[in-house]
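The values are calculated or read from the model by the stated rules, or taken from the named source; none is laboratory data. Everything quoted here is computed from the prediction, not taken from an experiment. Because the Cβ atoms are built from the backbone with ideal geometry, glycine has one as well, and the counts that use them run over all protein chains shown.
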Amino acid sequence: MKALVCTEPGNFEYTEIADPPMRAGHAIVKIRKICICGTDLHAFEGTQPFFHYPRILGHELSGELMDFDDAPGFQRGEAVTFLPYLNCGNCIACRAGKTNCCVNLQVCGVHIDGGMVDYYSIPSRLLVHSNDLDLTELAMVEPLAIGAHGIRRAEVQSGEFVLVMGAGPIGLATMEFAKVKGAEIMAMDLNPHRLEFCKNILGISNIINAANPDIIEQISDITHGNMPTVVIDASGNRKAIHSGLNYLAHGGRYILIGLQKEEIMFSHPDFHRKEATLMSSRNATRDDFEYVIKNLVNRKINPRSFITNRVKFIDAAAGFSDWLVPANHVIKVVVEKE
Ligand SMILES: [Zn+2]
Ligand SMILES: [Zn+2]
């Protein structure tokens, strides 16, 4: 079968590799849609932490279930997606149901080869399906679940102000699920095009350009002097992460979904004075996947508006360098396979 391999930063090669064998407790999925994520773009760029090459990318996937062992309730030929997080099932996090932060976690397309292939083998227990979603929607469940998990971690309540820093696909997903919770959303980014998207497509009236020198004043005005009780970083930008605490209300929660590779620093007195809660949000769980599917089926969220580019598998390699250029206004790319 054909595979697209990222051989080193900046280079892809289409290669013939063996089809995955059918194994006990596993399923074979014929990959049909691959959404491209910041992780994939950063891996191509060479800026993704803990990344080794060569690597087959791709973890936002959907396809046809070709064959399986031990997947009760599933049928051959049906459309599926899956959790691309291979957890061990035995560690302290797994035993607590926090499979998303398993001690021995291997993420498809990151720690192990991913889904830019014709056929992919995955443990059957990770399969997810919904009769009511098409293949494109199924491939978007994973990135949406990242946002849903962050909102769950933050325990966002109706009516509270939630500031989301970073209006890329994960930030947009986070905003969508904050909206489902009835929060007052504030969208922050440096890219005016993305802020316009938040305003015009997601209907978020409070948009904040991160380059605004009077940013604290602007946030204060929007929140009637209180500042947001939840601040979420979905930018993975160190400077933004450092600033986030300055925007947080006293008693508020600061959640880091985005990831970068350096240390982060805060003023301890500021952190203490606010009695702030700091937490990270990593990946997602099956509950988050199910929650996303429920909201997609009920049309509470509409991620189709995130899709700016559709390409064929054979053209994906050539697309990556273009998708990295901010002026090209790419939000979400879907790679389509026959
Ligand atoms: Zn992703
Ligand atoms: Zn584990």
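Touching a residue at least 60 places away in the same chain (Cβ under 8 Å) and more than 16 Å from ligand 2 (Cβ to nearest atom): which single residue out of ASP134, ASP118 fits that description?
Working: ASP134 fails: touching a residue at least 60 places away in the same chain (Cβ under 8 Å).
ASP118 is the lone residue from the list that is touching a residue at least 60 places away in the same chain (Cβ under 8 Å) and more than 16 Å from ligand 2 (Cβ to nearest atom).
Going by the conditions given, is LEU65 of a type in the set (A, V, I, L, M, F, W, C), within 17 Å of PRO143 (Cα to Cα) and touching a strand residue (DSSP E or B) at 6+ places or on another chain (Cβ under 9 Å)? In short, no. For region 262-280, the condition of being of a type outside the set (Phe, Trp, Tyr), touching a residue at least 40 places away in the same chain (Cβ under 8 Å), over 19 Å from THR223 (Cα atoms) and not in a strand (DSSP E or B) holds for none of the residues.
Given the criterion closer than 23 Å to ALA234 by Cβ and of a type in the set (Asp, Glu), identify the matching residue among GLU137, GLU78, GLU64. Reasoning before the result, please.
Values: GLU78 fails: closer than 23 Å to ALA234 by Cβ; GLU64 fails: closer than 23 Å to ALA234 by Cβ.
GLU137 is the lone residue from the list that is closer than 23 Å to ALA234 by Cβ and of a type in the set (Asp, Glu).
So that you can scan it fast, the table gives a plain yes or no per residue for (1) buried (at least 21 other Cβ atoms within 10 Å of the Cβ); (2) not assigned by TED's automatic domain parsing to the domain that holds GLU60:
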| position | (1), (2) |
| --- | --- |
| GLY115 | yes, no |
| TYR120 | yes, no |
| ARG125 | no, no |
| THR136 | no, yes |
| VAL141 | yes, yes |
| GLY150 | yes, yes |
| ARG153 | no, yes |
| VAL156 | yes, yes |
| VAL162 | yes, yes |
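Out of everything in region 272-318 that is surrounded by fewer than 18 Cβ atoms within 10 Å (Cβ to Cβ) and of a type in the set (Gly, Ala, Ser), what residue ends up being nearest to HIS42 (Cα to Cα)? Checked region 272-318; the qualifying residue nearest to HIS42 (Cα to Cα) is ALA318. Among the conditions (1) surrounded by fewer than 20 Cβ atoms within 10 Å (Cβ to Cβ); (2) closer than 28 Å to LEU278 by Cβ, the only one that ILE201 does not satisfy is (2). Only one entry in LEU259, LEU245 is surrounded by 13 or more Cβ atoms within 10 Å (Cβ to Cβ), touching a residue at least 60 places away in the same chain (Cβ under 8 Å) and not in a strand (DSSP E or B), namely LEU259.
Please verify whether GLY77 is touching a Cys at 6+ places or on another chain (Cβ under 9 Å) and more than 16 Å from ligand 2 (Cβ to nearest atom), treating the condition exactly as stated. No, not satisfied. Within region 48-82, take every residue that is surrounded by 14 or more Cβ atoms within 10 Å (Cβ to Cβ) and at pLDDT below 95 and give me the one that is farthest from VAL333 (Cα to Cα). Within region 48-82, the match that is farthest from VAL333 (Cα to Cα) is PHE51. Considering (1) of a type outside the set (D, E, K, R); (2) within 16 Å of ligand 2 (Cβ to nearest atom); (3) not in a strand (DSSP E or B), the lone condition that VAL107 does not fulfil carries the number (3). For region 39-82, a residue qualifies if it is in contact (Cβ under 8 Å) with a residue 24 or more places away in the chain, more than 16 Å from ligand 1 (Cβ to nearest atom) and more than 20 Å from LEU133 (Cα to Cα), and the qualifying residues are GLY46, TYR53, PRO54, ASP67, PHE68, ASP69, ASP70.
Of all residues in region 83-101, none satisfies being in the same structural domain as PHE306 (by TED's automatic domain parsing), more than 16 Å from ligand 2 (Cβ to nearest atom) and touching a residue at least 12 places away in the same chain (Cβ under 8 Å). Within the bounds of region 83-103, is there any residue that is of a type in the set (Ser, Thr, Tyr) and either assigned to a loop (DSSP other than H, G, I, E, B) or more than 27 Å from ALA3 (Cα to Cα) (or both)? Checked against the condition, which is being of a type in the set (Ser, Thr, Tyr) and either assigned to a loop (DSSP other than H, G, I, E, B) or more than 27 Å from ALA3 (Cα to Cα) (or both), region 83-103 yields at least one hit.
Scanning region 86-121 for residues that are within 16 Å of ligand 1 (Cβ to nearest atom), more than 15 Å from ILE34 (Cα to Cα) and in contact with a Ser or Thr (Cβ under 7 Å, 6 or more places away or on another chain) turns up just one, ASN100.
Given the structure, is VAL230 assigned by TED's automatic domain parsing to the domain that holds ALA167, touching a residue at least 40 places away in the same chain (Cβ under 8 Å) and over 18 Å from the mean Cα position of the chain (by Cα)? Judged against the criteria, VAL230 is a match. Take VAL164 and decide whether it is in contact (Cβ under 8 Å) with a residue 40 or more places away in the chain, in a strand (DSSP E or B) and farther than 29 Å from PHE12 by Cα. Considered against the rule, which asks whether it is in contact (Cβ under 8 Å) with a residue 40 or more places away in the chain, in a strand (DSSP E or B) and farther than 29 Å from PHE12 by Cα, VAL164 comes out as yes. Scanning region 110-161 for residues that are closer than 28 Å to ARG55 by Cα, of a type in the set (Val, Ile, Thr) and touching a helix residue (DSSP H, G or I) at 6+ places or on another chain (Cβ under 6 Å) yields VAL128, VAL141, ILE146.
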